[in-house]
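To start, the structure under review is shown below, and the notes come after it.
Each value in this text was obtained by applying a stated rule to the coordinates, not by laboratory testing. All values derive from a computational prediction rather than experimental measurement. Reconstructed Cβ throughout: ideal geometry from the backbone, glycine too, with neighbour counts over all protein chains shown.
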Amino acid sequence: MKKHVVVIGGGVAGLEVAGQLSRVGIDVSLIEKESATGGNINNWFRLFPDRRRSSEVKEYLDGMNMNHDIRLHTNTTIEKFFRNRNNFSITTNAGKEMTADAVIIATGFDLFKSARKEEYGYGIYDNVITSADLEKMFTEGKIALTDGTAPDTIGIIHCVGSRDEKVGNFYCSKLCCVTAVKQAIEIREFLPDSKVFCFYMDMRMGGALYEELYREAQEKWGVNFIRGKVSEASETIENGLLIKVEDTLAGRPLKMKLDLLVLMAGMEMSEGGKKIARLGGLNTGENKFFVATDSHYGSNRSNIEGVFYAGTCTAPMNITETISHARSAVVEVVDYLKIAKS
Amino acid sequence: MNIQFDPFVIPFNIGLYFILLYVVTRSIIWFRDLSRPDKLRLQRGFFGTAFAMSLKEIFMESLIHRKILKTNLRLGYMHMSLAFGWFLLIFFGTVEADIFGTKHLNAPYKAIFFRFFNPDHGRTGFEAVYGFLMDLILAFILSGLLLAIIKRFYSKIVGMKKTTRLKLTDRIALTSLWLIFPSRLLAESFTSGAYSTGSFLTGSLGSWLATFLPAQQMAYPFWWLYSISLGTFFILLPISRYMHIPTELFLIFMRNSGIRTGDKAGTFTEVQAYSCSSCGICIDTCQMNYSAGITNIQSAYLMKAIRNNDDVSAIADNCLMCGRCDVKCPVGIELSPFRMIQRRAGEAENDIRNIYKGYFRSRQIIIPEKPVLSSNYNYLHENEPAKADVLFFAGCMTHLTPSIKNSMIKILDASDVKYKFIDEQGGVCCGRPLMLAGQDKEARELINYNSRMIWKSGAHTLVTSCPICYKVFRESYYLDVEVLHHTQFIKMLIDNGSVKLNFSRKKVVYHSPCELGRGTGVYDEPKEILRHVSKLETTKFEDSNSLCCGGSLANLKISSYDRRKIATNTACELTKENPDILATACPLCKKTISSVTQTRVADISEIVAEALNINLAKRNIISQVSSIKELVKI
Amino acid sequence: MNKFGFTISQGRQIDYESNSRRIADYIYDNEPSFRLCIECGACSATCTAGNFTSFSLRELNILIKRGENDQVYQSLKKCMLCGKCSLVCPRGVNTRNIIILAKKAFQLSDEYTV
Amino acid sequence: MNPEGKKAIWSEYQKEIADDKFFYVRSCIRQNFFPGSEVAFLRIMRDVLKKDVFEHPCHTTCSGIGYHGDVVPVETAMTVVARQFALMTEAGYSNYVPSCITSFGLYTEILDTWHHFPQVEEKVRKQLRKATGREFEKPKNLAHASDVIYKFRKEIAAKAKYKLVNKETGEPLKVVDHIGCHYAKMFPSKGVGGAEYPYVLTGMVEEWGGQIIDYPERRHCCGFGFRQYLVQANRGFSIACSKEKFESMEPYKPDMIITNCPGCPMFLDRWQYVINEMEGKKYGQNGEGIPVFTYEEVAGLVLGFDPWDLGLQMHQIDCEPVLNKIGIEYSKEDKYNLKVIPSYSRSRNLVNV
């Protein structure tokens, strides 16, 4: 009989896994807590470094599971999850019970809740927004302050909720730097007369074509980069924002008025992921993400045989990495199921 | 029948007398503006050999255009046919009018319009021969004119890559110039047609035209046209680029009487600016043009901008100062010193707008620049240098190419000279870069500082590895020591046998650095050294024709991207025959070129250091010495 | 006035709004590569003048960009224009032109009596 | 500005505050700066709110001022604090209420240290035993006096005679709140409303009819900073801090400043005078300065205590403008000839001392 695999999470990784599995003739149940698949990619307008529309990638992913029969359960969360002798029993919030020969966890990430960095006043000051909010503005095609006017000076704060032990996140979310640069460019495209300032701790332009994008931002778009972590933001009497930062390269504190402040929220283990970890007794690390059994050649394997990880539920990844991680997860599952059969 | 006058000659007369008057006044103004010593030089220049030389040069260059002929035959022919041809036409025309005319010493127009006033002249024997000669000359000119017209429309044909852009007055002047000879041709032809005179050109063309046109009536308007175009040309001459025709004569006289550009603007610079015929040779030879595609800063444009009193600062600063155009300029304008003056100068105030100023411009103004933001080097405190016979000054750039520095140390150690490495711990800049940026005052501060250091050391020889330093040490320092570039010094060591070198079978080409070659004329020593130690092969770019690496400090504007383009191009040219080593004698050249080629780029000092043949004992000592050096450094 | 035995200390804070970035803008307009500086410090490390005195092109760039013009004006004078910096710059910044343009910008402005 | 957002944060920073049987320890410097304030606190607690507040005659400085002035090592400070706790224990109280913000900070810091390093606590107990033979229990509840007033702000409002409202215009008074740095900046969770948007004073002011203004430099220190002030040569830094705050709050035209720390009212008050002397700069409406109050004084005023009983004549910046705005009646001539302080209940244990 056909093997049955349950994929938890219908984001980039989940969709890729589901698609690839069904291609090799395994029947798949895809469980998504939201009403639609896609996960975080739905909140992004364009993707770095080439600034293509995220919808293009979304179309590919949807295509993947359109073409094959995948049982998609939206608005579904897992309530029970345990291992029998050689399969898994899963109960959903709808009370539906299912057994699976293997489980792939693709619960992805949540954006850091920027309100936790109280000093930036997200949710308190008007005109302090997150990278996701900005993407929303891009999608709507209008960058405006709460009073409807267009901002003149825009500040972008890197590392919000990343590399910050004050919020308990020691790790680098890895994508915020390049996202900041991408968004800075897009802002300048939308508002040619605006000035954009990026406040960074380090520019971590590791990926392919990231550095080139950084250079373009400086040369072509005149984006200003100030090295220093913004320590506090406050509202001025004319409803603008006043930020305090050290210009560490000038070795001097600096204060600056801004119209709009964009917080580059980092990536955190998703709430869904945490729940699964609790239910299934899966190992998570100090950074709250799932821990794979081997960091080099077993990055998809969990501490429970037959449960595999795919994508950003194990660490911050960009879409390219997520998809390849998902594919490697598929290989792992297929191997596992073969062995299980014999 | 013999008419003595006709109204159509009036435009010509006006033009002629105007230009004569103008040239006289202008030359008086110029003379007045000369510095006193230059006045004396010029006066002396009118006698003896200088005068003879000037005449010869005027003939060879202004008429025959020998230099252009040498660099580009077709272009040369074009210039020659127009200049020399016209000269002959005038000369023989005058003679013709004189011998065949009614009386001697005619007014000029008689000569120019001879055929009109003596229509039935030239039928028989000698007259016919003479007529033939005149036609021949006219044909000669027209052939050149044809080339000129073609060139204007398709530069390639005359072998020019770029042709200079024109301003309005130039266009009008150009058209009138072009009209002169065709109109003369037609005027003469019609007249001859009417009187069935004229020789092979005018005669035959005339008789043919006469077959279907009323030659008698047709001739007259063309004589008018001929006269008018001459007149217009003369009147526009001073505010067009053709001012170079009369001005070049002055230039030649001045140059031969020993007047040089110097470092201030004045008559001579102005004369030079007006002597530029915009032939465009400087544009062709400029690497920034053909490697980096920067086509608006070449010397021809600099001259033009100055003649138009435009702001030249952008042009002046955007140049590698490689001096290639300098050596190639057929008029022999001292382009590099000229440019330096422009760098020192502030923006010229723009007074050309009023037409009078076009003719009688106030002497090329250098508005006293706002007080320069004076540099402040008082942080340089002087220490007592150790006494030595020979000083080695590596220079800033050499410190960025340690291989050169170490090679020089090795060589110096190997020889028995008592030397001191003066800027071992990093020295003070020689001042040349500041000068190239037109900031001589600041440069002087550094020069004085270094000079004091050198004096105190009591050395008799100063060796430097950097041609940039070398040039400034030689030209702008007042030192009582012998300044040598390390190539010259090594040559000396080889000659007096203080170093012994092994011959290597390596195939080497030599890139002559601008500052060392064209800059200070050191061409031979480097090549002799290379011949001594390796198989030196020649390239298409030897000596004064050598290329620039593109790294030159002299250019303050060019982007690193364009520099790279030039460097790449140069490297390709020099490594065509894929040599083992591309040798040079400048740290900057080495650094620039080595970053764009696979071929090994080595300074001559490196090659020599490798070829050093040291007997064992000595080698040990050196290894000890150098090891001690290391320790000391640490 | 110091009748209390002390005076009110001046802040070291750069007040971005109140500073004039005229010099910076002049350089931006005439030397775009000025924007490319990533403050790596290669220029300062190799600097001939920096070998003798506290001159740092890296710092200078920042101060120009922040509009700390008085400080710029003072340290600008120390540069020897030797050009080593331009050879080591990883971003191909035309360093010498920045110095020259800065000097020019100061000359053009009348606020600074030279 | 989105008040909902603030409320959300405030809701995260609620702290438990005892509602009776307080062991009150005074501040070293307040009684010289604004002697009326602590008395006012006791009057409010005992006579208005009818609470049991105990004072011990033998309590000393917590040595925090020396600790932050870099002259008292932390272990010494701990032992001194242990002794205070011992006095509380002996008196049979367990709700510790310091009057001083720095003390509060120090107590919090020490309790936290002991929590993480029990061996240190043990050591301190030994030292205390050796030195004084006393034993102590850690307080069950540690709250700053302003926390206590905050807790009873509604009761006070209920009994209030005046509101923080301009009686001419009916507009609420614009109040700047200034929280002592040691209140919550070290341990945000120990302060009402946390460190970024502290609510302790805001709560009172809003309850009593005033309106808090939120200005950019509200987080900034008043400049006391111990080292800064205690060394004369450093006072330039101290005053610079206050100046920065004034410059920042000026455009909002505040009617008054309310503080909950011994140093802050002192410096925000006196430095206005010094700045005027040095630079001729006057703050506040028509240059009469921005009056600075302690929260006890404000509580006293709204409850209708006589300004001069509250010791408002001790202020450098005249408080009359505010009194007039609120419409509090007072007699000009009494300002500097103080009558007998009206009787109010003293600490039982102090009556015959």
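General remarks:
- Spherically averaged projected area of the convex hull of Cα atoms, the stretch D:1-87: 9.0 nm².
- Reciprocal of mean inverse Cα separation for the stretch D:17-145 (Kirkwood radius, Å): 15.0
- Kirkwood analysis of the Cα pair distances in chain A returns a hydrodynamic radius of 21.2 Å.
- Tail beyond 17 Å, pair distance distribution of the stretch B:173-233 (Cα, percent): 35
- Shape analysis of the stretch A:114-266 based on the Cα gyration tensor places the equivalent ellipsoid semi-axes at 20, 19, 16 Å, largest first.
- For the stretch D:161-336, taking Cα atoms only, Rg and Dmax work out to 15.7, 46 Å respectively.
- Other residues within the sphere of radius under 11 Å centred on the Cβ of A:Pro151, judged by their own Cβ, net out at -3 (K and R +1, D and E -1).
- Centre-to-centre separation between the Cα atoms of the stretch A:141-217 and those of the stretch A:79-122: 30 Å.
- Pairwise label distance in nanometres, B:Val327 with B:Lys56, each label 7 Å out on the Cα-Cβ vector: 2.3
- Two-decimal Rg to Rh for the stretch D:136-237 - Kirkwood Rh, Cα set: 1.06
- Ordering B:Arg44, B:Arg115 by the number of other Cβ atoms within 10 Å of each residue's own Cβ, fewest first, gives B:Arg44, B:Arg115.
- Cα-based equivalent ellipsoid, the stretch D:241-330: semi-axes from gyration tensor eigenvalues, Å: 22, 14, 12
- Antiparallel content of DSSP bridges confined to the protein assembly as shown, in %, to 5: 30
- DSSP beta bridges in the stretch A:1-107 [antiparallel fraction, %, rounded to 5]: 45
- Gyration tensor verdict on the stretch C:22-108 (Cα atoms; rounded if a/c is under 1.5, prolate if a/b is larger than b/c, oblate otherwise): oblate
- Estimated FRET transfer efficiency (D:Asp318, D:Lys159; beta-carbon r; R0 35 Å; 0.05): 0.85
- For C:Met80, net neighbour charge (Lys/Arg +1, Asp/Glu -1) across residues whose Cβ lies under 15 Å away: +4
- Summing Lys and Arg as +1 and Asp and Glu as -1 over all other residues whose Cβ lies under 14 Å from the Cβ of B:His104 gives a net charge of 0.
- For the pair D:Asn286 and B:Tyr379, a Förster radius of 56 Å applied to the C-beta separation gives a FRET efficiency near 0.60, rounded to the nearest 0.05.
- The Stokes-Einstein estimate for the stretch A:199-342, based on a Kirkwood radius over Cα pairs and taken at 10 °C with 1.306 mPa s viscosity, is a diffusion coefficient of 84 µm²/s.
- What the Cβ-Cβ distance of B:Ile10 and B:Asp480 gives, at R0 = 60 Å and to the nearest 0.05, is a FRET efficiency of 0.30.
- Extension gain for B:Lys39 to B:Thr538 (0.36 nm times residue separation, less C-alpha to C-alpha distance): 175.1 nm.
- The stretch B:419-482 versus the stretch B:209-255: alpha-carbon centroid distance in Å: 55
- Taking every C-alpha pair closer than 8 Å and separated by at least 6 residues, the mean separation divided by the residue count of the stretch A:216-257 gives a relative contact order of 29 percent.
- P(r) tail, chain D: Cα-Cα pairs separated by more than 26 Å, 49% of all pairs.
- Here the scattering of the protein assembly as shown is modelled by Debye summation over its C-alpha atoms, one equal scatterer each and no solvent; at q = 0.05, 0.06 Å⁻¹ the log10 of I(q)/I(0) is -0.66, -0.86.
- For chain B: relative contact order, % (alpha-carbon pairs under 8 angstrom, 6 or more apart): 11
- Evaluated at q = 0.07 Å⁻¹: base-10 log I(q)/I(0), Debye formula over Cα of chain B: -0.57
- For q = 0.18 Å⁻¹, Debye-computed log10 I/I(0) when each Cα of the stretch B:9-240 counts as one equal scatterer: -1.43
- For the segment C:15-25, counting C-beta atoms of other chains within 10 Å of every residue's C-beta and taking the mean gives 2.
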